[in-house]
Amino acid sequence: MAVREVLTYPDQRLKQVSVPITSFDDSLQGLIQDLDDTMYGSPGCTGVAAPQIGQAVRMVLIDASRNRKPVENHGRLLLINPEVSDPQGEAIGREGCLSVPQFTGNVKRAKQIKLRALDAHGNLIEMEAVDFEARLILHEIDHLDGILFLDRVSSLKTDIFRRKNLELQTSASLLSRLT
Ligand code: NI
């Protein structure tokens with residue numbers, strides 16, 4: 001059990017494409033515990049991906065219920081080898097990231113998605129997510145493909161914003177500044 005150090009941009013390990021998980025053994029359960037400790041140990045943090053703590057495997061942890069504003073959500077979700085299909089609609093929202101603590105950015109994403117993933121024991125999860133939770137899932141899956149929100153903004157001049165409050169930087173809550 002440990003809160004792990006989160007890699008920050010421009011660490012090249014954040015650019016790696018992560019590999020699928022095939023073994024649901026004790027070491028995986030330990031890594032899941034570290035994701036829990038790291039996310040829930042960071043105030044307001046709504047998601048973290050395994051590669052952000054230096055493990056290039058396809059696993060993310062989210063909890064959209066931790067968003068400052070109430071949003072439709074499924075609570076804590078541990079998603080292994082997640083796959084998104086049937087994206088519907090588009091919305092621009094403000095995103096932040098533990099790996100980009102000094103900035104937020106406006107990113108266009110689908111409003112609604114279908115999701116297939118495995119849980120901690122390899123059981124299939126199938127669900128739909130909308131709005132903030134859909135954005136959160138898409139943001140975290142991007143980490144598995146070496147993509148940061150910085151790579152998704154339309155313009156580095158007009159769509160990136162420096163966080164003003166140092167306190168906010170240190171407790172940088174993933175996506176918490178979504179507007
Ligand atoms: Ni992120």
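Read-outs: derived from the displayed coordinates by stated rules, not from any lab. This structure is a prediction, so every number in the text was calculated from the model and none was measured. Cβ: placed from backbone, ideal geometry, glycine included. Neighbour counts: every protein chain shown.
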What translational D, rounded to a whole number of µm²/s, comes out for the chain from Stokes-Einstein when the hydrodynamic radius is the Kirkwood one over Cα pairs, at 20 °C and 1.002 mPa s? 133
Please work out the Cα center distance from segment 123-166 to segment 23-87, rounded to the nearest Å. 13
Report, by chain and number, residues whose modeled amide H sits under 5 Å from the one on Gly54, excluding near sequence neighbours (fewer than 5 apart, same chain). Leu7
Plugging the Cβ-Cβ distance of Val130 and Arg163 into 1/(1 + (r/R0)^6) at R0 = 45 Å yields, to the nearest 0.05, a FRET efficiency of 0.95
Please rank His74, His143, His121, fewest neighbouring Cβ atoms within 10 Å first, as an exposure proxy. His121, His74, His143
Measure up Lys114/Lys157; Lys111/Lys157; Lys15/Lys69 against 29 Å on the Cα-Cα distance and list the ones that go over. Lys114/Lys157; Lys15/Lys69
Assertion target for Asp25, Asp37, ordered by fewest C-beta neighbours within 10 angstrom first, is Asp25, Asp37
In debye to the nearest 20, how big a dipole does the chain give about its Cα centre with +1 on each Lys and Arg Cβ and -1 on each Asp and Glu Cβ? 860
Just round it to a whole percent: the fraction of Cα-Cα distances in segment 36-125 exceeding 18 Å. 53
Using θ = phi - 60° and the Karplus curve 6.51 cos²θ - 1.76 cosθ + 1.60, what whole-Hz ³J(HN,Hα) does each residue of segment 148-163 get, with Gly and Pro shown as x? 9, 4, 4, 6, 10, 6, 5, 9, 5, 7, 10, 10, 10, 10, 7, 5
